Amino acid sequence: MTFRVLELFSGLGGWRYAFAGIGEVVAAYDISPTANATYALNHGVRPIARELASISSATLAAHGADCWALSPPCQPFCRMGHQHGLADPRAKAFLNLMAILPLAPPSYLVLENVIGFLGSEAHDLLATTLRQLSFHWNEYHLCPTQFGIPNQRPRVFIVASRQFRPAQIPPEEPAIALATYLDKREDPGLYLGLPTLAKHKPGLDLVTWDARRTACFIGGYGQRFVGSGSFLQTERGIRRFSPTEVARFMGLPSCFSFPKELGLEQRYKLLGNGLNIPVARWVVQTLSP
């Protein structure tokens, strides 16, 4: 089965990677210039920079997609966010998509978000909309550690289709040591200075090369310290993980790269808002008969 996929909130193109070989992305939408530049560099096509909060059903239907793949902004539901839910301005695009979904519904829909999405008003709205359309759906609470990846990134995935699909049992693979994910040559600029360590070290999530877990890397990893992700402790000191290392945890291919003009903080932000590819790949495979 080959899916014709509409990638919404496309970011780095995580859903495009996940659907490789089993689906064709017919159009991608995102309003972030840095995300779109990175997407174009790696996929050879630039997403449509149009605000989804005001897009029409006719515009989306014109792409001829039979599957919507979306990762709406998670900030309204994050434990570190303001948790304003649908009242958050960043939820306007999701609200509009739910309003126009019944006007020209695809045959399939896959959604990824933080665990806080479950039980939220947005989750209730999605369930109500899918129920009105007589969709069947499964909800998965998944983490890369289940797939052998030493990175904690719990997410909810909702997989909906017009035809009933029995829920699948996710894998439970032992995580490997994170040494496999480390750069062969370190960037000295990633090491934290003494003033920073004096202020933040007690709250840092520290791991060593032989650890089998790292904390979730968020978009603010390049600016924040406590609660933003893990830091690597070496004989030399304590450093951030590089964007390349974080990209490996996310399952991005070795050929993935950022535009040269993007700074370190911009790269971390894009990765922190990204999709774990091996997990998403498993999810989309559950759509097949």
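Annotations for the structure displayed:
- Test: residue in the stretch 250-260 that is touching a strand residue (DSSP E or B) at 6+ places or on another chain (Cβ under 7 Å), within 16 Å of residue 153 (Cα to Cα) and in contact (Cβ under 8 Å) with a residue 12 or more places away in the chain: no
- Residue check for residue 101: modelled with pLDDT of 95 or more and over 20 Å from the mean Cα position of the chain (by Cα): yes
- Contact map, the stretch 98-112: residues that are more than 22 Å from residue 285 (Cβ to Cβ) and free of Cβ contacts under 8 Å to residues at least 40 places away in the same chain paired with residues that are surrounded by 18 or more Cβ atoms within 10 Å (Cβ to Cβ) and among the small types (Gly, Ala, Ser), Cβ distance under 9 Å, separation 6+ or inter-chain. Pairs shown: 98/122.
- Pairs, first in contact (Cβ under 8 Å) with a residue 12 or more places away in the chain in the stretch 51-75, second of a type in the set (Ser, Thr, Tyr), C-beta under 8 Å, six or more apart: 52/29; 55/29; 66/107; 66/108; 67/107; 67/108; 68/108
- Screening 267, 213 for residues that are of a type in the set (D, E, K, R) and within 24 Å of residue 140 (Cα to Cα) leaves exactly one candidate, 213.
- Check on residue 26, over 17 Å from residue 272 (Cβ atoms), at pLDDT 95 or above, part of a strand (DSSP E or B) and of a type in the set (A, V, I, L, M): yes
- Conditions (1) modelled with pLDDT of 95 or more; (2) within 16 Å of the chain's Cα centre (by Cα); number of the one not met by residue 67: (2)
- Flag for residue 249 being surrounded by 22 or more Cβ atoms within 10 Å (Cβ to Cβ), under 30 Å from residue 108 (Cβ atoms) and under 18 Å from the mean Cα position of the chain (by Cα): yes
- The one condition from (1) touching an Asp or Glu at 6+ places or on another chain (Cβ under 9 Å); (2) in contact (Cβ under 8 Å) with a residue 40 or more places away in the chain that residue 230 does not meet is (2).
- Each residue in the stretch 181-198 was checked for being more than 15 Å from residue 264 (Cα to Cα), loosely packed, with under 15 Cβ neighbours inside 10 Å and in contact (Cβ under 8 Å) with a residue 12 or more places away in the chain, and 2 of them qualify.
The values are calculated or read from the model by the stated rules, or taken from the named source; none is laboratory data. As the structure is a prediction and not an experimental result, all values here were calculated from the model. Counting neighbours? That spans all protein chains shown, and the Cβs are built from the backbone with ideal geometry, glycine included.
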